[in-house]
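For reference, the structure discussed in these notes is given below.
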Amino acid sequence: MSERQVILKTVGLAKRYGGVHALEDANFELRAGEHVAIVGDNGAGKSTFVRQITGVEKPSAGEIYFDGEKVEFKSPIEARDHGIETVFQNLALADDLDVPSNLFLGREVRRFNLGPFSILNERKMLDHAKEALRTTGVKIPDLRNKIRNMSGGQRQCVAISRAASFASKLIIMDEPTAALGVQETAQVENIIRTLKNKGVPLILISHNLRQVFDLVDRIWVFRRGRIVGAVDRDKTDGNEIVSLITGVKTGIGEGEPTFA
């Protein structure tokens, strides 16, 4: 596997909060076009890992390589500018804005750029929003409706469509269906499949093993702040993944890690 085919790589990545080791010696790799899952119990280090690679927090140690270059993102905006879009659990949507305004939040299209007196190109943003929702299969009757008036599923789909429409190199989704019903979950999963067909690499954090086995190519297991396994989906099963999550099957720090 050449370095050119690796989209994201971490070497010895660690995050410590005083004496608490939230993440330790994380060696991770994501390949071009690959969809992977990160799984583990609460407190296993999954979200901590994502915060380090997306610039939300600065790692205590280790290196991050993205698209073949060593990077040190100082903020999520810098990560976004490099082609990484993240859908966090809190969605980061503006409740009092409509769909186009949320899709373009922080990157508004302007007719005239005159600082505080700039005029937005609302028509162009609306057209782009319609296309973004169409390509991701999201159906929202009124795009001018404020986000606060939408269902949880609609809000989640808006956040995912925003990521999908702007991500050029990588999408990260942190528990995208945790608070959704069956029908809304199916809609989000269809979006993920569409991204796979388009060749967009994706990292999915999920507690839903059924979802993980349905959607990804490779499963990375975190336990107590360490990566304890990386297994191809078609070479494992739910029992093995649960054993790695719970420590029944040993990993780094307790024996040899499982990598396949």
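If you go through the stretch 206-216 one residue at a time, how many are surrounded by fewer than 16 Cβ atoms within 10 Å (Cβ to Cβ) and outside any helix (DSSP H, G or I)? Before the answer, list the steps.
If we filter the stretch 206-216 for residues that are surrounded by fewer than 16 Cβ atoms within 10 Å (Cβ to Cβ), which is where we start, we get 207, 210, 214.
Retained after the next criterion (residues that are outside any helix (DSSP H, G or I)): 207.
Here the count works out to 1.
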Restricting to the stretch 94-109, name every residue that is surrounded by 11 or more Cβ atoms within 10 Å (Cβ to Cβ), modelled with pLDDT of 85 or more and of a type outside the set (Phe, Trp, Tyr). Ala94, Asp95, Leu97, Asp98, Val99, Pro100, Ser101, Asn102, Leu103
What tally of residues in the stretch 1-48 results from selecting those that are under 13 Å from Phe222 (Cα atoms), basic (Lys, Arg) and touching a helix residue (DSSP H, G or I) at 6+ places or on another chain (Cβ under 8 Å)? 0
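Which of the residues belonging to the stretch 171-187 are under 13 Å from the mean Cα position of the chain (by Cα) and β-branched (Val, Ile, Thr)?
Of the residues in the stretch 171-187, the ones under 13 Å from the mean Cα position of the chain (by Cα) are 171-177.
Result: Ile171, Ile172, Thr177.
For the stretch 139-161, name all the residues that are over 20 Å from Ser47 (Cβ atoms) and under 13 Å from the mean Cα position of the chain (by Cα).
Here is the first cut: in the stretch 139-161, the residues over 20 Å from Ser47 (Cβ atoms) are 139-151, 153-154, 157-158, 161.
The one that is over 20 Å from Ser47 (Cβ atoms) and under 13 Å from the mean Cα position of the chain (by Cα): Ser161.
Among the residues in the stretch 70-85, are any under 28 Å from Leu180 (Cα atoms) and in contact with a helix residue (DSSP H, G or I) (Cβ under 7 Å, 6 or more places away or on another chain)? Give the derivation first.
Initially, the stretch 70-85 is screened for residues under 28 Å from Leu180 (Cα atoms), giving 76-77, 79-80, 83-85.
Restricting the remaining residues to those that are in contact with a helix residue (DSSP H, G or I) (Cβ under 7 Å, 6 or more places away or on another chain) gives 85.
There is at least one residue in the stretch 70-85 that is under 28 Å from Leu180 (Cα atoms) and in contact with a helix residue (DSSP H, G or I) (Cβ under 7 Å, 6 or more places away or on another chain).
Can you pull out the residues in the stretch 66-75 that are touching a residue at least 24 places away in the same chain (Cβ under 8 Å) and either touching a Pro at 6+ places or on another chain (Cβ under 7 Å) or not in a loop (DSSP other than H, G, I, E, B) (or both)? It would help to see each step written out before you state the result.
Filtering the stretch 66-75 for residues touching a residue at least 24 places away in the same chain (Cβ under 8 Å) gives 66-68.
If the condition is that a residue be touching a residue at least 24 places away in the same chain (Cβ under 8 Å) and either touching a Pro at 6+ places or on another chain (Cβ under 7 Å) or not in a loop (DSSP other than H, G, I, E, B) (or both), then Phe66 is the only one that fits.
Look at the stretch 29-65 and say how many of its residues are part of a strand (DSSP E or B) and under 12 Å from Ile172 (Cα atoms). Reasoning before the result, please.
Filtering the stretch 29-65 for residues part of a strand (DSSP E or B) gives 29-31, 35-39, 61-65.
The next check asks that each one be under 12 Å from Ile172 (Cα atoms); those that pass are 30, 35-38.
Selection size over the stretch 29-65: 5.
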Could you list, in sequence order, the residues of the stretch 30-59 that are acidic (Asp, Glu) and either in contact with a Leu (Cβ under 7 Å, 6 or more places away or on another chain) or buried (at least 19 other Cβ atoms within 10 Å of the Cβ) (or both)? Glu34
Being within 20 Å of Lys169 (Cα to Cα) and either surrounded by fewer than 13 Cβ atoms within 10 Å (Cβ to Cβ) or modelled with pLDDT of 85 or more (or both) is the filter here; which residues of the stretch 81-93 pass it? Asp81, His82, Gly83, Ile84, Glu85, Thr86, Val87
Would you say Ser151 is in contact with a helix residue (DSSP H, G or I) (Cβ under 8 Å, 6 or more places away or on another chain), of a type outside the set (A, V, I, L, M, F, W, C) and surrounded by 19 or more Cβ atoms within 10 Å (Cβ to Cβ)? no
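The values are calculated or read from the model by the stated rules, or taken from the named source; none is laboratory data. Just so we're clear, the structure is a prediction, and the values are computed from it rather than from any experiment. Cβ atoms come from the backbone with ideal geometry, glycine included; neighbour counts cover every protein chain shown.
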